[in-house]
Amino acid sequence: MIPVLLDVLTIFFIVAGMALLWLNLRGWRRRTVGIAPPEHAGTSDAELARLRAEAEQCLKQAESSVSQADHETWLRMAAEWINLIEDAEQRRSGK
């Protein structure tokens, strides 16, 4: 009787674990699937000003950084912000 009960419980917990894993992965997949932004996203004057401020802050941090690695990292981050600005301006102009 006890071995049968252990077998049933083992199968139950395996099935329950698989169901919980499936539910967890399903929710994770929903959160990670990219959604295309609307065409006008990031093109407002306020958004462009914010992007420019972020780029300027990165450049200031690069100037004040002590190590060469930090300096290069801040410059790369500033370049990424500038790329975002250029993309937003292109979307804004309709190109």
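The numbers here are math on the coordinates, done by the rules we state, and not lab data. Nothing here was measured: the structure is a model prediction, and the numbers come from that model. Cβ placement follows ideal geometry from the backbone for every residue including glycine, while neighbour counts extend to all protein chains displayed.
The local environment of GLU63, defined by Cβ-Cβ distances under 12 Å, has a net charge of -1 under the rule Lys, Arg +1 and Asp, Glu -1.
Averaged over residues, the count of other Cβ atoms within 10 Å places the peptides 11-19, 69-77 in the sequence 69-77, 11-19, highest first.
Once the C-beta distance of SER65 and SER93 is scaled by a Förster radius of 30 Å, the resulting FRET efficiency is 0.30 to the nearest 0.05.
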